[in-house]
Amino acid sequence: MSELPPSSDNRVPRWWWKAVAIFWIGALAVLVVRWLFGRLTTLFVILLVAFFLSLAIEPAVNALARRGWRRGAATGVVMLGVGLLGILFFVAIGTLVVRQVANFIDQAPEYVQSIEDWINDNFDADVDADEIIQSLTEEGGPLRRFAERFAGNTLRFGTTALGYLLQLLSVFLFTFYMVADGPRLRRTICSVLRPDLQREVLRAWDTAIDKTGGYLYSRALLALFSAIAHTVLFQMIGVPYALALGLWVGVISQFIPVVGTYLAGVLPVLVAVVNDPIDALWVLGFVVIYQQIENYLLAPRISARTMELHPAVAFGAAIAGGAMLGPVGALLALPAAATIQAFTSLYLRRHDVVDDELTAPTPPPRRRRPLANADEPTG
């Protein structure tokens, strides 16, 4: 009996080697992209911040350009105004912190003596503050070790601060070119797209500019009103550093969602407590009352023509942005959420909602079942 020829089914299919090559090339590409993303994360964050900042200031630049300004000059003026406002805020807050720390250091002996007297009077103890201070400041003590570590890290702190300054300058540089050359940038992008895709890209870009700029401008206007109102109150009742505290309350309460008002009110209350506990009660009461006035009177009118975010959406977006990119992501999450909400409202098809108890704005009162009359026969 003659042997049978080998079956052709045992041969490797022709597509096998091509699939293996595609798989390994794809895996290698993923590793390269991951490596590049890890190396260029800082650049991506800078570009993202610059993009959202360009969306925020472009409406003002466009308004000046329609009045005959050159886009480069208009962009420079708007960015200079934004930079000056930022510098004013940080200088005011920095001055407040430095002066409070200096005052605390000057009055530290009085605080220590007061704590010593209170402990000795209430707990029948014999605490000697001089001995405690001497043990803390002696050679090898905790304060000496802290001072030595701080002095050793001064160079590292300075290098880190210089790095952040360079990143900030990079953000402003990219923002300037994105806004000043905005029309040419959009023409370059649209030149590689079909006409129908060009319209969609320009529509999305215009929506992002409108919603991002409108949302940030409404927040900035509310922050200005809040800063003025709180500064006037702090000045009237004699709270120190009224302007710095007013700016702090205005900015923090508007650009940190949900909990921003409470975080903003903590600092002026603490400063007022040190000055006079009665002033702290006035500050706390005014912060609460002004928040109600803002929620029911100012915010609905100012935000009527802009995208207003639900507090839960804003809070969730800030948490997600902070988890991905830290504090920068938490700040960028609000305009990003407003833009995404605008896109969904444009492209999603909506229908009329059926009437139901679960969808009613105010649930209808429940009807009470009539009680049966005892004189009437049952059954």
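Of all residues in segment 320-349, those that are more than 19 Å from ARG219 (Cα to Cα) have Cβ atoms under 8 Å from Cβ atoms of residues that are buried (at least 19 other Cβ atoms within 10 Å of the Cβ) and of a type outside the set (Val, Ile, Thr), 6 or more apart or on another chain, in ALA320/GLY329; ALA320/ALA333; GLY322/GLY329; GLY322/ALA330; GLY322/ALA333; ALA323/GLY329; LEU325/LEU332. Filter segment 282-300 down to the residues that are under 17 Å from MET236 (Cα atoms) and either of a type in the set (Ser, Thr, Tyr) or surrounded by 14 or more Cβ atoms within 10 Å (Cβ to Cβ) (or both) and list them by number. The answer is TRP282, VAL283, LEU284, PHE286, VAL287, TYR290. For segment 66-79, the count of residues that are at pLDDT 85 or above, part of a helix (DSSP H, G or I) and touching a Leu at 6+ places or on another chain (Cβ under 6 Å) is nonzero. The lone criterion from (1) modelled with pLDDT of 80 or more; (2) closer than 30 Å to GLU200 by Cα left unmet by ALA280 is number (2). When segment 236-281 is filtered for residues that are in contact (Cβ under 8 Å) with a residue 24 or more places away in the chain, within 23 Å of GLY321 (Cβ to Cβ) and in contact with a Leu (Cβ under 7 Å, 6 or more places away or on another chain), the ones remaining, listed by number, are TRP248, GLY250, GLN254, PHE255, ILE256, PRO257.
The values are calculated or read from the model by the stated rules, or taken from the named source; none is laboratory data. Please read all numbers here as calculations on a predicted model, not as lab measurements. Neighbour counts run over all protein chains shown; Cβ positions are idealised from the backbone, glycine included.
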